[in-house]
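Heads up, the thing below is written out as structure tokens.
The values are calculated or read from the model by the stated rules, or taken from the named source; none is laboratory data. Quick caveat: nothing in here was measured; it's all calculated off a predicted structure. Every residue, glycine as well, gets a Cβ built from its backbone with ideal geometry; the counts of neighbours run over all protein chains shown.
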Amino acid sequence: MCTAPQNFYIPEQGIKTLTGKISFDEFAQKFIDNINSLADNPKAGPYVLGAIQNKKTCDRVEDVDSISGKILLRSRELQNPMFKNARMATPVVIEVDASKKDVFSKELFGPIALLIKTKDTNQSIELAKEMAINHGAISCGAYTTDMNVRDKIADEMSLAATPVSFNLIGSIYMNQNAAFSDFHVTGGNPAGNASFTNPDYVNKRFTWVGHREPAKVN
């Protein structure tokens, strides 16, 4: 759905963690292993993935060879034991070079994840901001152990009117702030700049962007 992440920006030199550095390839494999672990769990996979409403979405998943990138994981059919006629598919994972903006600058609706290999963290931030400003973004998830990087992401994505969730794990509510706005999201970028109310709301106006992260425990 529209709130599911599609673009994952990952530095080509890897990711620094509290337990050491993880290479791009190691991250990609862990990412794939976790997807397969969830999809293959009979008590979780069919129910978390859900059914696909539109056949065109399935066609897009099956036509992944037309996407300019390296296919790391192909989709598989999955059956829901309670709804055996439901149209289902496991996620596709594709590695894409950061230079291929034509690939990740559009919405690929459906279970498709793009692992975008960037030059470094700064390019990851620049691309995420650029995509949000030009094409829209409902939300942004960021994971970092560096407070300076955290502050830079917050500042840059604020300029793109995109709220950031820092280092959140588990189930995450994506657009709960929509209940307190006339817009579906912030109204500050192309992902949500139309309203069913007064035309003045459609025009560029004051927007408020909030970020969030886990509370520190004393």
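Of all residues in the range 68-105, count the ones that are modelled with pLDDT of 95 or more, buried (at least 18 other Cβ atoms within 10 Å of the Cβ), out of contact with any Gly (no Cβ under 7 Å at 6 or more places or on another chain) and of a type in the set (A, V, I, L, M).
Of the residues in that region, 4 qualify.
Restricting the first residue to the range 75-104 and requiring it to be closer than 20 Å to residue 12 by Cα and touching a residue at least 24 places away in the same chain (Cβ under 8 Å), which pairs with a second residue that is of a type in the set (Ser, Thr, Tyr) and part of a strand (DSSP E or B) meet a Cβ separation below 6 Å and a spacing of at least six or different chains?
Pairs that qualify, where the first residue is closer than 20 Å to residue 12 by Cα and touching a residue at least 24 places away in the same chain (Cβ under 8 Å) and the partner is of a type in the set (Ser, Thr, Tyr) and part of a strand (DSSP E or B), are 98/118.
Are any of the residues in the range 168-190 within 23 Å of residue 11 (Cα to Cα), hydrophobic (A, V, I, L, M, F, W, C) and either modelled with pLDDT under 95 or not in a helix (DSSP H, G or I) (or both)?
The answer is yes, given that some residue of the range 168-190 is within 23 Å of residue 11 (Cα to Cα), hydrophobic (A, V, I, L, M, F, W, C) and either modelled with pLDDT under 95 or not in a helix (DSSP H, G or I) (or both).
Among (1) out of contact with any helix residue (DSSP H, G or I) (no Cβ under 7 Å at 6 or more places or on another chain); (2) free of Cβ contacts under 8 Å to residues at least 60 places away in the same chain, there is one condition residue 124 misses while meeting the rest; what is its number?
Status for residue 124: all satisfied but (2).
Among the residues that make up the range 106-123, is at least one of them assigned to a helix (DSSP H, G or I), in contact with a strand residue (DSSP E or B) (Cβ under 6 Å, 6 or more places away or on another chain) and at pLDDT 95 or above? Even if it seems obvious, please write down each step before you answer.
Of the residues in the range 106-123, the ones assigned to a helix (DSSP H, G or I) are 121-123.
If we keep only those that are in contact with a strand residue (DSSP E or B) (Cβ under 6 Å, 6 or more places away or on another chain) as well, we get 121.
Now drop any that are not at pLDDT 95 or above, which leaves 121.
Yes, there is a match, as at least one residue in the range 106-123 is assigned to a helix (DSSP H, G or I), in contact with a strand residue (DSSP E or B) (Cβ under 6 Å, 6 or more places away or on another chain) and at pLDDT 95 or above.
Which is in contact (Cβ under 8 Å) with a residue 12 or more places away in the chain, surrounded by 16 or more Cβ atoms within 10 Å (Cβ to Cβ), assigned to a helix (DSSP H, G or I) and within 16 Å of the chain's Cα centre (by Cα), of 137, 132?
Working: 137 fails: assigned to a helix (DSSP H, G or I).
When all the criteria are applied, what remains is 132.
Mind checking which pairs have a first residue in the range 147-168 that is free of Cβ contacts under 8 Å to residues at least 40 places away in the same chain and surrounded by fewer than 18 Cβ atoms within 10 Å (Cβ to Cβ) and a second that is in a helix (DSSP H, G or I) and not polar (S, T, N, Q), Cβ under 7 Å, 6 or more apart or different chains?
Close Cβ pairs satisfying both conditions: 152/125; 159/129.
Is there a residue in the range 70-83 that is more than 17 Å from the chain's Cα centre (by Cα), part of a helix (DSSP H, G or I) and more than 30 Å from residue 147 (Cβ to Cβ)?
Looking through the range 70-83, none of the residues is more than 17 Å from the chain's Cα centre (by Cα), part of a helix (DSSP H, G or I) and more than 30 Å from residue 147 (Cβ to Cβ).
Enumerate the pairs (first residue in the range 1-26 and closer than 26 Å to residue 173 by Cα; second residue anywhere and at pLDDT below 90 and of a type in the set (Val, Ile, Thr)) with beta-carbon separation below 9 Å, excluding pairs fewer than 6 apart on the same chain, so at least 6 apart or on different chains.
Listed pairs, sorted by first residue: 2/138; 3/138.
Go through the residues of the range 50-59 one by one and say whether even a single one is part of a strand (DSSP E or B) and touching a helix residue (DSSP H, G or I) at 6+ places or on another chain (Cβ under 8 Å).
Checked the range 50-59: no residue is part of a strand (DSSP E or B) and touching a helix residue (DSSP H, G or I) at 6+ places or on another chain (Cβ under 8 Å).
Criterion first (of a type in the set (A, V, I, L, M, F, W, C), surrounded by fewer than 17 Cβ atoms within 10 Å (Cβ to Cβ) and more than 19 Å from the chain's Cα centre (by Cα)) does residue 22 satisfy it?
For residue 22, the condition - of a type in the set (A, V, I, L, M, F, W, C), surrounded by fewer than 17 Cβ atoms within 10 Å (Cβ to Cβ) and more than 19 Å from the chain's Cα centre (by Cα) - is met.
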